[in-house]
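J.: One structure coming up, written as structure tokens, with questions to follow.
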There are 2 protein chains.
Amino acid sequence: MDDVQQLTHTVFAANGRLISAGNQLVADIGLTSALWQVLAALEYSNETLPAASIARNMGLTRQGVQRVLDLLAEQSMIEFKENPHHRRAKLVGLTPKGKKAVAAAEKAVDSLNKQIIKKIGARRLREASATLKEMSALISENLQRKENP
Amino acid sequence: MDDVQQLTHTVFAANGRLISAGNQLVADIGLTSALWQVLAALEYSNETLPAASIARNMGLTRQGVQRVLDLLAEQSMIEFKENPHHRRAKLVGLTPKGKKAVAAAEKAVDSLNKQIIKKIGARRLREASATLKEMSALISENLQRKENP
DNA sequence: CTCCATTGGACAACATGTTGTCAATTTGAC
DNA sequence: GTCAAATTGACAACATGTTGTCCAATGGAG
């Protein structure tokens, strides 16, 4: 198995582990990894956005993100607001409940995050991140991407 | 966003890119990323295994892998053989057609793989892989895992 | 202004994988 | 040998995300 296949395998495994860990850590808050990711993207962007923009930021399809947004709206974690620039594309904003959920989620992972930074080191984490991004970019250059991702 | 969150985000993005790229590269062969992964796991193990063992090797659940195996069996890429040690747990083996498909898939990614190794370097790829494995291990130590993964 | 290409949302079908549950089988402790 | 625990497969429900398609709304070229 060459080094690319090896890293690919490791990425698949890490992806599964991260999703599974996220689900466990935020279950008490009534979240899942998918919901948390979208909430965090909203918190991070610090402004209201239409669903399609959120999807672009996250590298997912509009449709997938819309499904999660509808779930979050059912739980009153987010709300849709009228968009003065576009009648159909409603703006998505965090509600106070949503902001509390994001804060609680960050608190829930804090200890584990610190442990990882301490044992592996910020530098190696950033190097791994840079390598993965370069690999993703090389793949993107070599293959056509669809509408969104 | 701390370094762990940053790397997590990068892993999610890389995972999506790899799956999408795999799907494109092996579409002509009649495969998908999921089917290819299972076929490759079989080729790599170099022996016939029950479905549950394959799942363990891949870090997935039996049920998910079984679904893929049934699809592969429909396409005659694999076959189930009697297991002398266990009446229910049939052994899964690659058929000649399955072996051809794996070989064709490897050929399809070969050029891209070489390009990635050339531009990023084997050393950095291995370092990223090692870092991801360490992070996965730290997460595993801190959280209960279910039956299989 | 008109036309059309782009963007955005909604709906449906599907792919991938997990979780829950049950029965069959094997295995190990006694 | 017997019985409990662990393993395996099968089936169902669900979570997550993609793809395909259609329509609405916007915006830019002419």
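The values are calculated or read from the model by the stated rules, or taken from the named source; none is laboratory data. Predicted model only: the values in this text are computed from it and were never measured. So basically every Cβ, Gly included, is an ideal-geometry build from the backbone, and we count neighbours across all protein chains shown. The accessibility values were calculated without ligands, DNA or RNA, using every heavy atom of the protein model including side chains. Shrake-Rupley method; radii C 1.70, N 1.55, O 1.52, S 1.80 Å.
J.: What number of residues within the range B:37-54 are within 11 Å of another protein chain (Cβ to nearest Cβ) and surrounded by 15 or more Cβ atoms within 10 Å (Cβ to Cβ)? Break it down stepwise before answering.
T.: Narrowing the range B:37-54 to residues within 11 Å of another protein chain (Cβ to nearest Cβ): B:37, B:40-41, B:43-44.
Subset that is surrounded by 15 or more Cβ atoms within 10 Å (Cβ to Cβ): B:37, B:40-41, B:43.
So the count comes out to 4.
J.: Moving to a separate point now. Only one residue in B:LYS107, B:LYS97 is in a helix (DSSP H, G or I), closer than 22 Å to A:ASP3 by Cα and free of Cβ contacts under 8 Å to residues at least 24 places away in the same chain, so which one is that?
T.: B:LYS107
Per-residue answers, yes or no, for (1) open to solvent by less than 70 Å² (accessible area, probe 1.4 Å); (2) within 8 Å of chain A (Cβ to nearest Cβ); (3) under 18 Å from A:ILE19 (Cα atoms):
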position: B:LYS99; (1), (2), (3): no, no, no
position: B:ALA104; (1), (2), (3): yes, no, no
position: B:ALA108; (1), (2), (3): yes, no, no
position: B:ASN113; (1), (2), (3): yes, yes, no
position: B:GLY121; (1), (2), (3): yes, no, no
position: B:ALA130; (1), (2), (3): yes, no, no
position: B:LEU138; (1), (2), (3): yes, yes, yes
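J.: Has the range B:13-32 got any residue that is at the interface with chain A (Cβ under 10 Å from one of its Cβ atoms), in contact with a Ser or Thr (Cβ under 7 Å, 6 or more places away or on another chain), among the small types (Gly, Ala, Ser) and more than 12 Å from DNA strand D (Cβ to nearest atom)? Full working, then the answer.
T.: Taking the range B:13-32 as the starting set, the residues that turn out to be at the interface with chain A (Cβ under 10 Å from one of its Cβ atoms) are B:13-25.
Of the ones still in play, those that are also in contact with a Ser or Thr (Cβ under 7 Å, 6 or more places away or on another chain) are B:13-14, B:17-19, B:22-23.
So of that shortlist, the ones also among the small types (Gly, Ala, Ser) come out as B:13-14, B:22.
Cutting the leftovers down to more than 12 Å from DNA strand D (Cβ to nearest atom) gives us B:14.
Yes, some residue in the range B:13-32 is at the interface with chain A (Cβ under 10 Å from one of its Cβ atoms), in contact with a Ser or Thr (Cβ under 7 Å, 6 or more places away or on another chain), among the small types (Gly, Ala, Ser) and more than 12 Å from DNA strand D (Cβ to nearest atom).
J.: Given the structure, is B:ASN15 assigned to a helix (DSSP H, G or I) and open to solvent by 60 Å² or more (accessible area, probe 1.4 Å)? Show your work before the answer.
T.: On the way: assigned to a helix (DSSP H, G or I): yes; open to solvent by 60 Å² or more (accessible area, probe 1.4 Å): no.
No, not satisfied.
J.: Could you count how many residues in the range B:67-93 are within 15 Å of the chain's Cα centre (by Cα) and crowded, with 17+ Cβ neighbours inside 10 Å? Outline the logic, then answer.
T.: Filtering the range B:67-93 down to residues within 15 Å of the chain's Cα centre (by Cα) leaves B:67-69, B:72.
When the remaining residues are screened for being crowded, with 17+ Cβ neighbours inside 10 Å, the result is B:68-69, B:72.
Of the residues in the range B:67-93, 3 are within 15 Å of the chain's Cα centre (by Cα) and crowded, with 17+ Cβ neighbours inside 10 Å.
J.: Taking A:VAL68 as the residue in question, decide whether it is part of a strand (DSSP E or B), among the β-branched types (Val, Ile, Thr) and within 14 Å of DNA strand C (Cβ to nearest atom). Can you show your working first?
T.: Working: part of a strand (DSSP E or B): no; among the β-branched types (Val, Ile, Thr): yes; within 14 Å of DNA strand C (Cβ to nearest atom): yes.
The answer is no for A:VAL68.
J.: Looking at the structure I just gave you, is A:ARG88 away from chain B (no Cβ under 14 Å), in a helix (DSSP H, G or I) and within 16 Å of DNA strand C (Cβ to nearest atom)? Steps first, answer last, please.
T.: Values: away from chain B (no Cβ under 14 Å): yes; in a helix (DSSP H, G or I): no; within 16 Å of DNA strand C (Cβ to nearest atom): yes.
No; evaluated as a whole, the condition is false for this residue.
J.: Another question about this same structure. Going by the structure shown, is B:PRO50 over 30 Å from A:GLY121 (Cβ atoms) and free of Cβ contacts under 8 Å to residues at least 40 places away in the same chain? So that I can check it myself, show each step before the final result.
T.: Details: over 30 Å from A:GLY121 (Cβ atoms): yes; free of Cβ contacts under 8 Å to residues at least 40 places away in the same chain: no.
Judged against the criteria, B:PRO50 is not a match.
J.: Kindly evaluate B:GLY93 against the criterion of being more than 10 Å from DNA strand D (Cβ to nearest atom) and either farther than 30 Å from A:LEU143 by Cβ or among the basic types (Lys, Arg) (or both). Walk me through how you get there before you give the answer.
T.: On the way: more than 10 Å from DNA strand D (Cβ to nearest atom): yes; either farther than 30 Å from A:LEU143 by Cβ or among the basic types (Lys, Arg) (or both): yes.
So B:GLY93 passes the test.
J.: With A:GLY59, A:GLY22 as the choices, which residue is open to solvent by 30 Å² or more (accessible area, probe 1.4 Å) and touching a residue at least 12 places away in the same chain (Cβ under 8 Å)? Steps first, answer last, please.
T.: Details: A:GLY22 fails: open to solvent by 30 Å² or more (accessible area, probe 1.4 Å).
Within the list A:GLY59, A:GLY22, the selection yields A:GLY59.
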